[in-house]
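**Student:** Got a structure for you, questions after.
Values in this text are rule-based calculations from the coordinates and carry no lab data. Keep in mind that what you see is a predicted model, and the values were worked out from it rather than measured. Positions of Cβ are backbone-derived with ideal geometry, glycine not excepted, and every protein chain shown enters the neighbour counts.
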Amino acid sequence: MLDSAISIFTAGRNMARIFEGLGVTLKISMISVLLSVLLGVPSGLLMSSKIRFCRLFFKLYLEFIRIMPILVLLFLFYYSLSSVFSINLPAMAVAILVFTLWGTAEMADLVRGAVTSLPKHQWESSRAIGLTEPQLNIYVIVPQAIRRLLPGVINLTTRMIKTTPFVFFINIPDLVKVAQQIVEVTGMKNLLASVWVYGLIFFIYFAICYPISLFSHYLEKVWQD
Amino acid sequence: MDFQFIVRVSPMFVKGAWLTVSLAFWGLVLSLTIGLFCALVRYWRWPVISRLAGVYIELARNTPLMIQLFFLYYGLPRLGVLLEGRTCAIVGLAFLGGGYMAEAIRGGLTAVSRGQIEAGLSIGFKRFDLLRYVILPQALAVSLPAITATCIFLIKETSVFSIVALPDLMYVAKDLLKEGHSTESNLLLVLSYLVIILPVSLVFGYLERRVRFAGFGD
């Protein structure tokens, strides 16, 4: 039984292709997380601001993104963007765009939660001991907000990695697509190909996401205040 | 906008939506059952089973549904377990959802204060009654937002079911791409998911406001 596994993973460039697929998966998720954090922080601050229009706009945006399956958004941007606005984006750009739209919404909500959960007396007592506004933000608010934020950001990263298989549907050669292609080629001769290949991919995802989520749990515990 | 096309294909979307709803329903029911069981087993620290539940929860939560489905649909038959698409979809969703629900419910269970349990025991509640009348009502109320989020997440995850050859909403939309009306069919797709998920989101939002009695004993 074991030699059927060995024969698949040593044959041709199979193993190398799996790693290339993994590279694509990680690339999409890392770029999207980075962009989501960059765009999500200002959006979250706007969401918790006093401007009513901003709050309403982001609330609607967040609700729409929360309700639509990511796969539907991928379809929308991959197929309809070209036919309605005649904008032709490569699949990779569509994937990063959609994941960033989603990540920004999630990130904005995390930022809003972190900022609004800080008790009011933090601001009041900082002013009482005579801190200036920039000092107040740098020494009091931002450090506490980051503590509350970071576990959520790490969590978002694993969710992003677990959502990337959806790009399979717009034909990006990610980990899942590569696995499926390998099974298609070797499955005829090797009966257990699908078991081994999908089993391996299952554990690759686990091996990446589990340590990250452990780390997030650890931070949550250590930083509990 | 081609309205004739929309009228013609609408029934297909209704059919697809119905399949999505029924699969999601059974997946959610099973997820909640598995999640509740695992959360309680972890809560009571039953030897061995608690450990197994812990491993299961981590496996379910740290792998994507698509791979779980691929494994169930294409892997298992080669090991002699043949599952049809529908079963695969429901089993896959329940496997994924069980882990998420267990975590959601566990959060509520740990929020029930020691004092509540001791008070319950001191007025003579047996273990099952304690669970039924003291622990669960408070725990579920606390974890309802997390359960809501998980339910909506799971319904959204049903969108991948076309990979196990089920004619759900995504499958219909993908199939119609050939006909070249991607705007109209994608519009119907978005509408269908809105019609399915928006009510769920609203009902749960209403429930959350209704059960804010938790934390009463604090």
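**Student:** Top mean-square fluctuation among A:I67, A:I208, A:I18, Gaussian network model of chain A, C-alpha springs under 10 Å?
**Tutor:** A:I67
**Student:** Still on this structure: What longest region of chain A stays clear of trypsin sites (Lys or Arg not before Pro) that DSSP places outside H, G, I, E and B and that have at most 15 other Cβ atoms within 10 Å?
**Tutor:** Value returned for the longest uninterrupted segment is A:51-119.
**Student:** Let me ask you something else. Taking segment B:45-114, which GluC sites (Glu not before Pro) meet the DSSP loop condition and have no more than 15 other C-beta atoms within 10 Å?
**Tutor:** Those satisfying the criteria are B:E84.
**Student:** For labels at B:L198 and B:I49 in the simple 7 Å Cα→Cβ model, what's the distance in nm?
**Tutor:** So the two model labels end up 4.4 nm from each other.
**Student:** Here is a further query. Using alpha-carbon pairs under 8 Å, 6+ residues apart, how would you state the relative contact order of segment B:97-218 in percent?
**Tutor:** 32 percent
**Student:** Above 19 angstrom, tally the Cα pairs of segment A:124-225 and express them as a % of all pairs, no decimals.
**Tutor:** Distances greater than 19 Å cover 63 percent of the Cα pairs.
**Student:** What fraction of the Cα pairs in segment B:3-210, stated in percent, has a spacing above 22 angstrom?
**Tutor:** Percentage above 22 Å: 57.
**Student:** Now, a different point. Would you work out the relative contact order for chain B, in percent, from Cα pairs under 8 angstrom that are 6 or more residues apart?
**Tutor:** 30 percent
**Student:** Also, quick follow-up: Where Rh is the Kirkwood radius over the Cα pairs of segment B:71-121, the temperature 10 °C and the viscosity 1.306 mPa s, what D in µm²/s does Stokes-Einstein return?
**Tutor:** Translational diffusion coefficient: 116 µm²/s.
**Student:** Do me a favour and compute the ellipsoid semi-axes for segment A:2-222 from its Cα gyration tensor, root of five times each eigenvalue, largest one first, whole Å.
**Tutor:** Over the Cα atoms of segment A:2-222, the semi-axes work out to 42, 23, 12 Å.
**Student:** Another question, then. Note down the nm distance, to one decimal, between modelled labels 7 Å out along Cα→Cβ at B:S22 and at A:R147.
**Tutor:** 5.3 nm
**Student:** Could you give the radius of gyration (one decimal) and Dmax (whole number) of the Cα atoms in the protein assembly as shown, in Å?
**Tutor:** 23.6, 76
**Student:** Considering only A:L34, A:L62, A:L118, give the residue with the highest GNM mean-square fluctuation for chain A, with springs between Cα atoms whenever their separation is below 10 Å.
**Tutor:** A:L118
**Student:** Check the straight Cα-Cα distances from A:K189 and name the lysines below 24 Å, setting aside those fewer than 8 residues away within the same chain.
**Tutor:** Straight-line reach from A:K189, under 24 Å: A:K177.
**Student:** Gap in Å between the Cα centre of segment B:97-127 and the Cα centre of segment A:109-147?
**Tutor:** Computed from Cα coordinates, the inter-centre distance equals 34 Å.
**Student:** Contact order normalised by length for segment B:150-218, with contacts defined as Cα pairs under 8 Å and 6 or more residues apart; what percent is it?
**Tutor:** 26 percent
**Student:** May I pose another question? Quick check on the protein assembly as shown: helices-only [θ] at 222 nm, where DSSP H runs of length 4 and up contribute -39,500 (n - 2.57) each and the sum goes over total residues. Nearest 500, please.
**Tutor:** Theoretical 222 nm ellipticity from helices: -25000 deg cm²/dmol.
**Student:** Can you compute log10 of I(q)/I(0) for segment B:1-60 with the Debye formula, treating each Cα as one identical point scatterer, at q = 0.17, 0.25 Å⁻¹?
**Tutor:** Here the Debye-derived log intensity ratios amount to -0.67, -0.95.
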